[in-house]
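Single-structure report; data block below.
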Amino acid sequence: MTRTDGLWVTFEGGDGSGKSTQSALLSTWLGEQGRTVLHTREPGGSEVGVLIRDIVLHHRGDIAPRAEALLYAADRAHHVATVVRPALERGDVVIQDRYLDSSVAYQGAGRVLDAGEVRDLSLWATEGALPDLTVLLDIDPALARQRLDADDKPFDRLEAEKEEFHARVRAAFLALAAAEPQRFLVVDATADPDDIAVLVRARIARLL
Ligand code: TYD
């Protein structure tokens, strides 16, 4: 992707892994360092994306796995074209909750679509855009489920999937990280949130 000196960091992990806490801590820290930060997410990081998010997370009843993959890819295509790429071209730092690795893990391993095809779909959608760094917050899905239960929020369509689904998603994330160690930082999501934030900042500092 052609761009100036922007930096793009994505956060990945299972539901209840603490991604949003960590991405918020990093955004605040980078702001304190004087960087212009765009904190965004998928699905739902654009106006069109908010509508797609409502379908994929809250539609009552089944969505065919390929339709679900296309909806996430459509959200991603619009988000990258209208939000992420312009920010990176301005030289901003983009901190993002979830990106294409979520599709490979959830629609690929979770819904059992071909992982390579799911990845290629997202790469087509975004003209091959990949982040500079992806932080994977790794956690046993059974523990993550306890955290979600404690939150007392109703489960969305994906969160409501059974434990085997979330175990496949976790294994897929770890395999993605092992395949691209230069792009990924894997952290134990059960560690103290402040300690995790320190690890993430140390890695980012090397990229700035
Ligand atoms: P998220 O915004 O992390 O949920 P919450 O706001 O409740 O923390 O993600 C919404 C769900 O969408 C999550 O269960 C993972 C799923 N998802 C996919 O299945 N594929 C994708 O490509 C993306 C981006 C998310």
Mind counting the residues in segment 93-114 that are closer than 24 Å to Ser46 by Cα and either without any contact (Cβ under 8 Å) to a residue 40 or more places away in the chain or part of a strand (DSSP E or B) (or both)?
7
Every residue from segment 71-92 that is of a type outside the set (A, V, I, L, M), away from the ligand (no atom under 13 Å from the Cβ) and either in contact (Cβ under 8 Å) with a residue 60 or more places away in the chain or in contact with a strand residue (DSSP E or B) (Cβ under 9 Å, 6 or more places away or on another chain) (or both)
Arg85, Glu89, Arg90, Gly91, Asp92
Output for segment 156-196, where each listed residue is farther than 14 Å from Asp138 by Cα and part of a helix (DSSP H, G or I):
Glu163, Glu164, Phe165, Ala179, Asp194, Asp195
Subset of segment 40-92 [assigned to a loop (DSSP other than H, G, I, E, B) and of a type outside the set (Lys, Arg)]:
Glu42, Pro43, Gly44, Gly45, Ser46, His59, Gly61, Asp62, Ile63, Ala64, Gly91, Asp92
Just the residues that are surrounded by 19 or more Cβ atoms within 10 Å (Cβ to Cβ), among the aliphatic types (A, V, I, L, M) and either within 25 Å of Arg170 (Cα to Cα) or in contact with an Asp or Glu (Cβ under 7 Å, 6 or more places away or on another chain) (or both), please, taken from segment 81-123.
Val94, Ile95, Leu100, Val104, Ala105, Ala109, Leu113, Val118, Leu121
In the set Asp92, Asp62, Asp54, which member is of a type in the set (D, E, K, R) and at pLDDT below 95?
Asp62
For segment 170-180, indicate whether the set of residues that are surrounded by fewer than 16 Cβ atoms within 10 Å (Cβ to Cβ), over 17 Å from Gly16 (Cα atoms) and in contact with a strand residue (DSSP E or B) (Cβ under 9 Å, 6 or more places away or on another chain) is non-empty.
yes
Evaluation of Glu68 against (1) free of Cβ contacts under 8 Å to residues at least 40 places away in the same chain; (2) of a type in the set (Asp, Glu); (3) within 10 Å of the ligand (Cβ to nearest atom) (one fails), failing number:
(1)
List the pairs whose first member sits in segment 115-131 and is within 12 Å of the ligand (Cβ to nearest atom), whose second member is in a helix (DSSP H, G or I) and polar (S, T, N, Q), and whose Cβ atoms are under 8 Å apart, counting only residues at least 6 apart or on separate chains?
Val118/Ser103; Val118/Gln107; Arg119/Ser103; Leu121/Ser103; Ser122/Ser103
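The values are calculated or read from the model by the stated rules, or taken from the named source; none is laboratory data. Predicted model only: the values in this text are computed from it and were never measured. We place every Cβ from the backbone using ideal geometry, glycine too, and count neighbours over all the protein chains shown.
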